[in-house]
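Written out below as structure tokens is the structure these notes cover.
The values are calculated or read from the model by the stated rules, or taken from the named source; none is laboratory data. Nothing here was measured: the structure is a model prediction, and the numbers come from that model. Here the Cβ is made from the backbone with ideal geometry for all residues, glycine too, and neighbour counts use every protein chain on show. The accessibility values were calculated without ligands, DNA or RNA, using every heavy atom of the protein model including side chains. Shrake-Rupley method; radii C 1.70, N 1.55, O 1.52, S 1.80 Å.
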Amino acid sequence: MRRVFVVGVGMTSFVKIGSREWTYPEMVGEAVRGALGDAGIDYGRVQRAAVGYVFQPSAAGQRALYDVGLTGIPVANVNNNCATGSTALMLAREWVGGGLAEVALAVGFEQMTKEAMAGPATKPAVTTVDHHLRVMSARYDFGTAPMTTQFFGNAAIEHAERYGTTPEQLARVAVKNHEHSTRNPLAQFQNVYTLEQVLEDRPVHGPLTRSQCSPMSDGAAAAVLVSEDFVREHGLEAQAVEILAQELVTDDASAFDTGSMIDVVGAPMTRAASRRAFGTAGLTVADVDVIELHDCFSINELITYEALGLCGEGESGALVESGATTYGGSCVVNPSGGLISKGHPLGATGLAQATELSWQLRGMAGARQVPDARIALAHNLGLGGACVVTLYGAPSLA
């Protein structure tokens, strides 16, 4: 497969649902024009587009792009739950890497509603989380919180029972990520939280409080992917961030056979995807300088530390407590504020991660810049289930 580079990225501010008067073509147009402007090319150069979203109507990808340009290119609509954005990115990467396009566009967006997140009014015969529910119902009573929150809240209970993880250690994830977001003008939340404020916030499920949970958000993000020949022909070497490796995996039997909620919420997928990506790139987690990971809930950041190999099993609470995953530590995790504080418009999240990490590797992240960042990792997870791990390298062609 040919080498593939991200040469342009763009995203909107992530905002509380319904707080901004815009249509989804308007939000997509803002992100795409930003990415095209960053790359210094016009929409007419784009040969294929992958557009990801979760809750919009069928074929919304075409309508999302029509106001940017009517060029007749193939547009693929992508839905992979919360891993949608990175799945769209992977599709665009495969087009370019496989020689089917010199320039491809990946887009993710979401205009969320409380009704969509609540799910159908009547229980369908089959749901995308039947297997997950079977494991959870064998160990825990159903609560009143949204189902996803119960999955992760019960995983937090299990982590505490198994490893002694404390509410304070969970809360430190939120403290860190909320502080990081104060450096990010595009983040939904801009407030610092003390440890006490996080712990005393409204309970949601298990040890999780409101400020440890990602919000419902609106927003869009986009990336322009090109071949090495295109980079050199157009003098884009100084901004060409290489996709070194990328792996998409789905659940295997281990997610459900162990009876563990930690496995149900994606730890086996993260382990498999990261190991394959590191193997392809010839890197280890020790080589990574900056990470954007899927902290939909504070517990998932801790679970992901362990699954990526940043620490041993059960050691993630002590890791975040030590300060190793913030500025001055060994690897800065979620400098954007992560899903907890930057926001989580489902279809856009993976491409917002690509945008943040491209800025980091190009030295363009402003007040949240990770010094001397050369290798970056993105982790994007969706229950039901999918996990995408992507490794990026700083511009090196110049």
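Overview of results
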| read-out | value |
| --- | --- |
| Residue-wise HN-Hα coupling along the range 367-375, computed from phi with Karplus coefficients 6.51, -1.76, 1.60 (Hz; x: Gly, Pro) | 5, 9, 4, 7, x, 6, 5, 10, 10 |
| Efficiency of FRET from Cβ geometry, His131 and Arg276, R₀ 30 Å, rounded to 0.05 | 0.85 |
| Gain on full stretching of the segment that runs from Val192 to Glu313 - 0.36 nm per residue minus C-alpha separation | 40.6 nm |
| Linear extension gain, Ser396 paired with Arg202, 0.36 nm per residue minus alpha-carbon span | 65.1 nm |
| Leading residue at positive end of dipole, the range 1-158 (Cβ point charges), from Ser86, Gly98, Val28 | Gly98 |
| Relative packing of 144-152, 28-36, which averages over residues the other C-beta atoms within 10 Å, highest first | 28-36, 144-152 |
| Charge dipole magnitude, Cβ of K and R +1, D and E -1 - the range 310-398, Cα centre, debye nearest 20 | 340 debye |
| 5 angstrom amide H check on Val78, placed H, neighbours 5+ away | Val51, Gly52, Tyr53 |
| Whole-Hz ³J(HN,Hα) from phi, Karplus 6.51 cos²θ - 1.76 cosθ + 1.60, for the range 127-136, glycine and proline x | 10, 6, 10, 4, 5, 5, 5, 4, 5, 5 |
| Sequence ranges 319-325, 127-133, 267-273, ranked by mean other-Cβ count within 10 angstrom, highest first | 267-273, 319-325, 127-133 |
| Values of log10 I(q)/I(0), in the order q = 0.15, 0.17, 0.26 Å⁻¹, for the range 128-180 under a Debye, Cα-only, solvent-free model | -0.52, -0.64, -1.03 |
| By average C-beta atoms within 10 angstrom, highest first, the peptides 13-21, 294-302, 243-251, 87-95 | 294-302, 87-95, 243-251, 13-21 |
| Rounded FRET efficiency, nearest 0.05, which uses the C-beta distance separating Thr166 from Arg374 and R0 of 35 Å | 0.55 |
| Per-bin percent of Cα-Cα distances, the range 241-376 [10 Å] | 12, 42, 39, 7, 1 |
| Rounded to 10°, Cα long-axis angle of helix 24-39 versus longest principal axis of the chain | 60 degrees |
| Angle in degrees between helix 84-97 and the longest Cα principal axis of the chain, rounded to the nearest 10 | 40 degrees |
| Translational D in µm²/s for the range 323-398 (Stokes-Einstein at 10 °C, 1.306 mPa s, Kirkwood Rh from C-alpha pairs) | 120 µm²/s |
| Compactness of the range 131-287, expressed as Rg and Dmax over alpha-carbon positions, Å | 19.8, 60 |
| Potential extension, Asp252-Arg63 segment - 0.36 nm per residue separation minus Cα distance | 64.5 nm |
| Computed [θ] at 222 nm, deg cm²/dmol, the chain (DSSP H ≥ 4; -39,500 (n - 2.57); rounded to nearest 500) | -11000 deg cm²/dmol |
| Unit Cα scatterers, Debye sum, the range 77-195: log10 I(q)/I(0) for q = 0.14, 0.20 Å⁻¹ | -0.99, -1.21 |
| Protein accessible area in the range 286-398, 1.4 Å probe - carbon and sulfur % | 49 percent |
| For Thr326, residues with placed amide H under 5 Å, excluding near neighbours | Cys331, Val333 |
| Computed over the range 144-210, the ratio Rg/Rh where both radii use C-alpha atoms and Rh is Kirkwood | 1.01 |
| Kirkwood-based Rg to Rh ratio, the range 204-254, C-alpha trace | 1.22 |
| Along principal axes, Cα extents of the chain, largest first, whole Å | 57, 48, 40 |
| Local electrostatic count, Thr149, Cβ distance below 13 Å [Lys/Arg +1, Asp/Glu -1] | +2 |
| Taking all pairs of distinct alpha-carbon atoms in the range 261-337, Kirkwood radius in angstrom | 12.7 Å |
| Amide hydrogen neighbours beyond the local backbone of Val4, cut-off 5 Å, H modeled | Ile243 |
| Using θ = phi - 60° and Karplus 6.51 cos²θ - 1.76 cosθ + 1.60, couplings along the range 342-356 (whole Hz; Gly, Pro as x) | 5, x, 9, x, 3, x, 8, 4, x, 7, 5, 4, 4, 5, 4 |
| Folded to 0 to 90 degrees: helix 298-308 orientation relative to the chain principal axis, Cα | 70 degrees |
| Translational diffusion of the range 202-318, µm² s⁻¹ [Kirkwood Rh, Cα pairs; Stokes-Einstein; 25 °C; 0.890 mPa s] | 144 µm²/s |
